[in-house]
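Engineer: Just dropping this structure here.
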Amino acid sequence: MVAPTSEKAVLILGGCGFVGFHIVNHFVKDQFFSSVAVVSRTAAKSTNRVDGATYHEGDLKDQESIRRVFDQIKPCLIINAACPSPVTGTLGEYNLVTVKGTQCLLKLAQESKDVQALIYISSCTLAKGAEHLELTEDYPLANTDPKSSAYARTKALAEISVLKANKPFPLDKTSPDASWAGYLLTSALRFPIVYGTHDPVGIPACLNALKKGQTNVQLGDGKNLWSFCSAHNACVATSILARRLLGLIDVPEMSHDTKVDGEAFNIHDGESHLFWGYARTVWRLAGHKPNNERLISIPAGLVLALASFLEWIFWIFSLGTKRPYQLGKQQVEYACFTHTYSIEKAKKRLGFNPVQTFEKSLNEAVTWSMENGGWGKKSK
């Protein structure tokens, strides 16, 4: 149970990023919340700004910059979507931002008399191992596997910290002026590959391959499936969880277990697609018409060995500050192995029912990238 309040301000960390932008846009339109504020290192110059939200300079590595925003905004809800790029981020950046930054944010939230709930935007790929087959949320995480990517390991460590910080408000302290200092409801949403407008990584990578004439090359046998998540489904799940944590909506009748605080939830479209089928759909929507292309499949073992070698070379010559952009070990594992996840927990406890508009939503995203991302108009 939460203490009632007339003002429900939301503070979103990383709201200038891809997923963060969509969450900000969604919450600005959500009648349950009085205001939406965004903290980002790029708040002043970002093009991913939403009318109706306020923007504040801040850095998770600088605790005082976040504290100042807390004092100004007095949020009841924190959404942490801040994270270095899963493609180009380094171990040092992940440790500073993902792990230590999240711990800093939790400390400030626990000390605040206003903050009631914190949602961590996590990743399905934090699960242990290179291949994920319909995994549930209780599967072992990557922090127990030294072979897992730095991104997955640090995401796991951050999520563990978030869920351990859950401390529900006492039932006997529900007066409007009750302080939340020392109490905090926490939860995490795990997304797989998210697609939508403003995507700076996935769709541009596909379009870059199209531009270079690489549409006939695939890594692995091409049979690996992925769970994908539209930006819309990601936002809807975040909104539902936020309102559940704050006690603003009733518990779903279909749920026999209603607990959402201290829990993690897999979220996606509710259907799976071939990883390389996703890329080919992007190419088709961008206007590509294959003309008897001879498909070249590079064996997974060979490309993984090459990726491991490149990771080592980059680490040596950049002193650990850079990673290979196109053939990193993590990207190769994504391209060659199945990554599918169960969302039954989210359906039962949150009442989350994903909409399945894969091609329509992907077409909107590809069109946006073609018109706004420097890729030119669609090919005829």
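Engineer: Say whether the condition of being closer than 24 Å to residue 242 by Cβ and among the small types (Gly, Ala, Ser) is met by at least one residue in the range 111-121.
Structural biologist: For the range 111-121, residues closer than 24 Å to residue 242 by Cβ and among the small types (Gly, Ala, Ser): present.
Engineer: Name the residue, out of 87, 50, 99, 69, that is touching a helix residue (DSSP H, G or I) at 6+ places or on another chain (Cβ under 6 Å), in contact (Cβ under 8 Å) with a residue 40 or more places away in the chain and not polar (S, T, N, Q).
Structural biologist: 99
Engineer: From the residues in the range 92-115 that are surrounded by fewer than 18 Cβ atoms within 10 Å (Cβ to Cβ) and within 25 Å of residue 202 (Cα to Cα), which one is modelled with the lowest pLDDT?
Structural biologist: 92
Engineer: In the range 164-181, which residues are at pLDDT below 65 and either farther than 19 Å from residue 75 by Cβ or in contact with a helix residue (DSSP H, G or I) (Cβ under 9 Å, 6 or more places away or on another chain) (or both)?
Structural biologist: 172, 173, 174, 175
Engineer: Give the residue that is farthest from the chain's Cα centre (by Cα), with candidates limited to residues of the range 311-335 that are among the β-branched types (Val, Ile, Thr) and either more than 17 Å from residue 92 (Cβ to Cβ) or at pLDDT 95 or above (or both).
Structural biologist: 313
Engineer: Which ones in the range 203-219 are surrounded by fewer than 21 Cβ atoms within 10 Å (Cβ to Cβ) and either closer than 30 Å to residue 23 by Cα or touching a residue at least 40 places away in the same chain (Cβ under 8 Å) (or both)?
Structural biologist: 204, 205, 208, 209, 210, 211, 215, 216, 217, 218
Engineer: Against the definition (in a loop (DSSP other than H, G, I, E, B) and either on the phi < 0 side of the Ramachandran plot or in contact with a helix residue (DSSP H, G or I) (Cβ under 9 Å, 6 or more places away or on another chain) (or both)), how does residue 130 come out, yes or no?
Structural biologist: When the stated conditions are applied, residue 130 passes them.
Engineer: I've got another one for you. Tell me yes or no: at least one residue of the range 336-344 is modelled with pLDDT under 95 and not hydrophobic (A, V, I, L, M, F, W, C).
Structural biologist: no
The values are calculated or read from the model by the stated rules, or taken from the named source; none is laboratory data. Predicted, not measured: the structure shown is a model, and the values here were computed from it. Every residue, glycine as well, gets a Cβ built from its backbone with ideal geometry; the counts of neighbours run over all protein chains shown.
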